[in-house]
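The values are calculated or read from the model by the stated rules, or taken from the named source; none is laboratory data. Please read all numbers here as calculations on a predicted model, not as lab measurements. Don't worry about glycine lacking a Cβ; one is built from the backbone with ideal geometry, like all the others, and counts go over all protein chains shown. Heavy atoms of the whole protein, side chains included, go into the accessibility calculation; ligands, DNA and RNA do not. Shrake-Rupley method; radii C 1.70, N 1.55, O 1.52, S 1.80 Å.
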Amino acid sequence: MAESMLSLCGGKEQVLLLFLIQLIIMVLMGTLTTYGPEARANVISNHSIPVKNGGISLDDIEDPLRIYPMYQDVHVMIWIGFGFLMTFLRRYGQSAVGLTFLIGAILVQVAMLCDGIISMGKNGKALLSLQGLLSADVAVAAPLISMGAVLGKTTYMQLIIMGIIELIMYTANKYIGEHHLMAVDAGDSMYVHVFGAYFGLAVSFVFGVKDKPKEHHLEGSTYQSDIFAMIGTVFLWLFWPSFNSASLKGDDQQRAIINTLLSLTASCVIAFAVSALVSKENKFNMVHVQNSTLAGGVAIGTAAGMMCEPIGALVIGCAAGVLSVLGYKYLTPLIQKKLRIHDTCGVHNLHGMPGVLAGIFGALMSGIASEDAYNYSLYEIFPARAPSEEGKLAEMRDNYNISPGLNRTAGQQAAYQLLALVISIVFAIISGLITGLIIRTSFCGTIKEDEKFDDAVHWELEEESMSEVSKHSDGMRDQMPMGHI
């Protein structure tokens, strides 16, 4: 009875905290944000004015809504792809989809604030635009990846606090990588996938230090839950080219779409093949099919817009498929046994290692990039490699709108790419360890061992309601309450 009352009080505290978080976000949004120039009604270039009257036609300027279809693709990936991918647990499907819905809705607002504050305008306001919404969606992918490492072992408030802290750290890391190191990461494999994976693993490590990971009877899957998880896999697989290319333009965007699709197809085929190869009876393993088939999308991310040629995309996709399946088969049990890191969804194998592979491949492609292969677009893809001397820059600036760079060599750019990868890993691990210590306190609530991987902790379950009705129905089992019709 005492435990029940304590649990009830803790639940109410979490609900009140949820209200408070949304209230704080509303205050910050009202204080710090406004519409960007693309969305303001008083900016004349936002209106279609007939050319015959001496005005500007929308056909003569870049349409800011051009990215909306790809933004919606990424939107689907975040809320349907990630949500359903985590429904493989036999009794945690409602939490996988429902908590992804809740956490995504909170964190996308936080991500808009973080991104807007960094690029705050002269009036002291963060300018919101469709491009900012796209960046926020991409940012939310990082904490959802981390969520996969601790899935089933936390309260929803622990996940929300973890996500808010992670987004702040993610924004800082990406700012360092993009603006100080000027490292290129078109598909955010280093900034999102690597950071999200190792941040989540660090949090899981903190949990494992306190309580050694044990086998749990609800941790497995069922035939139906595996099929639901495949919904997430297929949605992610279909829309991954948009994720890797949405922030690019022109031929860069086309290359990113082509490269991503080729890498995904290669990783899909090889994941099936290696899965059957390492099994006892040469049968496919559903865990590998749900996850390792997507590894190619992560592995090509950094170099997605580069001239890696179709064969390069296929090779990196094959390598990612092999690496991911072998990680699930051999490495995951090892790190759980030796390091006490329990990785529920295997994010290390889908996001961590393929993300590191992406960073290395991106550095390689940066190191061999030349003006012969790229022409002047070399300096659009790698802005730091643009010349800084006025004599060399004049023609490129006048004809191709290229800004002054740092005059980096190919080798220097490759080194900075690797440095960005290393910093992302180190930053993720350190901030993840600190975050794990914070959310392990009773402030965010805790999940007991017998409550892990169970929807009943957070949800009113239909089957339990029906069993209660059956107990008190006095034999009238054929009569169903109206609420269930």
Picked from segment 375-409 (must be under 20 Å from ALA313 (Cβ atoms) and modelled with pLDDT of 90 or more), the residue farthest from the chain's Cα centre (by Cα) is LEU378
Pairing a residue in segment 198-213 that is under 12 Å from MET147 (Cβ atoms) and modelled with pLDDT under 85 with any residue that is small (Gly, Ala, Ser) and surrounded by fewer than 20 Cβ atoms within 10 Å (Cβ to Cβ), where Cβ atoms lie under 6 Å and the two sit 6 or more apart in sequence or on different chains, gives none
The residue from LYS153, LYS122 that alone is over 18 Å from PHE427 (Cα atoms), open to solvent by less than 40 Å² (accessible area, probe 1.4 Å), outside any helix (DSSP H, G or I) and among the charged types (D, E, K, R) is LYS153
Inspect all residues belonging to segment 167-178 and state whether any of them is farther than 19 Å from VAL140 by Cβ and either in a helix (DSSP H, G or I) or touching a residue at least 40 places away in the same chain (Cβ under 8 Å) (or both). yes
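Quick grid of which residues meet (1) closer than 30 Å to TRP237 by Cβ; (2) buried (at least 20 other Cβ atoms within 10 Å of the Cβ); (3) at pLDDT below 95:
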residue: ASN53; (1), (2), (3): no, no, yes
residue: VAL76; (1), (2), (3): yes, no, no
residue: ILE80; (1), (2), (3): yes, no, no
residue: ALA126; (1), (2), (3): no, yes, yes
residue: ALA139; (1), (2), (3): yes, yes, no
Here the residues within segment 230-250 that are open to solvent by 60 Å² or more (accessible area, probe 1.4 Å) and under 16 Å from GLY301 (Cα atoms) are TRP237, LEU238, SER247, LYS249
Among the residues of segment 142-162, the number that are out of contact with any Ser or Thr (no Cβ under 6 Å at 6 or more places or on another chain), touching a residue at least 60 places away in the same chain (Cβ under 8 Å) and over 17 Å from THR87 (Cα atoms) is 4
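Residue by residue, here is whether (1) modelled with pLDDT under 95; (2) in a helix (DSSP H, G or I); (3) not small (Gly, Ala, Ser) holds:
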| site | (1), (2), (3) |
| --- | --- |
| HIS288 | no, yes, yes |
| ALA304 | no, no, no |
| PRO310 | no, yes, yes |
| GLY317 | no, yes, no |
| HIS348 | no, yes, yes |
| MET353 | no, yes, yes |
| GLY359 | no, yes, no |
Yes or no: VAL469 of a type in the set (A, V, I, L, M, F, W, C), at pLDDT below 95 and part of a helix (DSSP H, G or I)?
yes
Going through (1) open to solvent by 30 Å² or more (accessible area, probe 1.4 Å); (2) within 23 Å of the chain's Cα centre (by Cα) one by one, VAL209 fails only at (2)
Per the list (1) touching a Phe, Trp or Tyr at 6+ places or on another chain (Cβ under 7 Å); (2) open to solvent by 50 Å² or more (accessible area, probe 1.4 Å), residue check on TYR170 breaks on (2)
Across segment 171-190, the tally of residues that are within 24 Å of ARG440 (Cβ to Cβ) and in contact with a Gly (Cβ under 8 Å, 6 or more places away or on another chain) stands at 0
Within segment 411-431, residues of a type in the set (Gly, Ala, Ser), farther than 14 Å from GLY359 by Cβ and surrounded by 15 or more Cβ atoms within 10 Å (Cβ to Cβ) come out as SER431
Scanning segment 92-105 residue by residue, those in contact (Cβ under 8 Å) with a residue 60 or more places away in the chain and either open to solvent by less than 40 Å² (accessible area, probe 1.4 Å) or assigned to a loop (DSSP other than H, G, I, E, B) (or both) turn out to be TYR92, GLY93, SER95, GLY98, LEU99, ILE103
Would you confirm whether or not segment 106-124 contains a residue that is touching a residue at least 60 places away in the same chain (Cβ under 8 Å) and of a type in the set (D, E, K, R)?
no
Residues that are over 20 Å from the mean Cα position of the chain (by Cα) and either more than 17 Å from THR344 (Cβ to Cβ) or in a helix (DSSP H, G or I) (or both): does segment 215-223 have at least one? yes
Considering segment 28-43, residues that are β-branched (Val, Ile, Thr) and in a strand (DSSP E or B), and then whichever is surrounded by the fewest Cβ atoms within 10 Å (Cβ to Cβ), we arrive at THR34
If we ask which residues in segment 297-346 are within 23 Å of ALA186 (Cβ to Cβ) and among the acidic types (Asp, Glu), their number turns out to be 1
The residue that is farthest from the chain's Cα centre (by Cα), considering only those in segment 125-150 that are small (Gly, Ala, Ser) and outside any helix (DSSP H, G or I), is ALA126
Note on segment 251-286: residues open to solvent by less than 40 Å² (accessible area, probe 1.4 Å), of a type in the set (Gly, Ala, Ser) and either at pLDDT 95 or above or on the phi > 0 side of the Ramachandran plot (or both) are ALA256, SER263, ALA266, SER267, ALA271, SER275, ALA276
